[in-house]
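A.B. asks: Let me give you the structure first, and then I'll get to my questions.
We did not get these values from a lab; they are worked out from the coordinates using the rules stated. The structure presented is a predicted model; accordingly, all values stated were derived computationally and were not measured. Note: ideal-geometry Cβ built from the backbone for every residue, glycine included; neighbour counts use all protein chains shown.
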Amino acid sequence: MYFKSRADAAGQLAQLIVPKYRYENCAVVALSDGGVVIASNIATQLHCVLMMLLTEQITLPGENSPVGSIDQSGGFTFNGMYSAGQLEEFESEYRNNIEQQKLEKIHSMNGLLGSGGIIDADLIRYHNVILVSDGLSSGLSLDAAASYLKPYKLEKLIVATPVASIGAVDRMHLLADEIFCLSVVENYINTNHYYEDNTLPPHETIVKTIKDIVLKWQ
């Protein structure tokens with residue numbers, strides 16, 4: 001399934017989510033800039049806050065899959081595709097490499113976010129938290145997000161995305177209380193592939209969208 005744009009996909013997702021959660025306590029958390037484009041539509045119609053949770057993958061030489069991911073607060077989540085033995089070997093052999101990447105990527109994420117989008121615990125505790133992505137090639141970002149949110153007592157954890165791989169959907173079923181996914185693809189190419197128009201606003205506009213979401217409530 002292909003979409004004209006992220007805005008088009010956002011409208012389709014909102015039609016499914018908003019009628020069910022319109023009068024519930026919700027918080028929408030986007031997982032990327034593209035996710036914000038979709039999430040802003042949902043948050044606007046739900047009259048709820050919009051925040052951003054960034055994660056970055058940690059990669060190792062010679063490995064096709066990332067060894068794990070790190071979130072904006074420094075929380076690190078290993079890739080569940082690897083066995084415990086493999087992960088121990090990676091930690092032993094590449095410890096300095098992994099730690100250096102962590103520092104660099106935390107610095108990069110904090111620079112991108114600034115003060116607009118940092119997760120506010122008081123705005124997600126006891127709420128239905130809707131994690132929104134513009135496409136999930138794997139479950140790694142979901143694992144990282146679930147790990148980040150674990151200390152907070154949520155009413156529900158909901159995942160919403162226009163498109164996802166089979167592997168990502170499997171992770172959704174394990175991690176989320178409810179799933180909204182418009183298209184499941186067997187051979188996921190890349191997220192941009194599933195949108196005819198891949199134009200994204202500048203990152204500064206994305207951050208402003210998060211800050212100004214209350215002004216757009218409908």
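A.B. asks: Quick one: if the Förster radius is 35 Å, what FRET efficiency do SER65 and GLU24 give, using the C-beta to C-beta distance and rounding to 0.05?
C.D. replies: Details: r = 36 Å, r/R0 = 1.04.
So the FRET efficiency works out to roughly 0.45.
A.B. asks: How much net charge surrounds LEU157 when only the other residues with a Cβ under 13 Å from the Cβ of LEU157 are counted, with Lys and Arg +1 and Asp and Glu -1?
C.D. replies: Values: positive: ARG125, LYS150, LYS153, LYS156, ARG171; negative: ASP143, GLU155, ASP177, GLU178.
Within the 13 Å Cβ shell, the charges total +1.
A.B. asks: How much mean residue ellipticity at 222 nm does the chain get from its helices, if each DSSP H run of length 4 or more adds -39500 (n - 2.57) and you divide by all residues, to the nearest 500 deg cm²/dmol?
C.D. replies: Numbers: 6 runs with 89 residues, N = 218.
Calculated mean residue ellipticity at 222 nm is -13500 deg cm²/dmol.
A.B. asks: Put +1 on the Cβ of every Lys and Arg and -1 on every Asp and Glu Cβ in the chain; which of TYR194, PRO19, SER108 then has its Cα farthest towards the positive end of the dipole?
C.D. replies: Positive-most Cα among the choices belongs to PRO19.
A.B. asks: Once you measure Cβ to Cβ distances between cysteines in the chain, which Cys have no partner under 4.7 Å?
C.D. replies: CYS181
A.B. asks: Where nothing but the Cβ of Lys and Arg (+1) and of Asp and Glu (-1) is charged, how large is the charge dipole of region 56-113 around its Cα centre, in debye to the nearest 20?
C.D. replies: Values: 3 positive and 9 negative charges, 36 e Å.
The calculated dipole for region 56-113 is roughly 180 debye.
A.B. asks: Now a separate question. Given Cβ point charges of +1 (Lys, Arg) and -1 (Asp, Glu) and nothing else, what value in debye, to the nearest 20, does the dipole of the chain about its Cα centre take?
C.D. replies: Details: 15 positive and 25 negative charges, 152 e Å.
The calculated dipole for the chain is roughly 720 debye.
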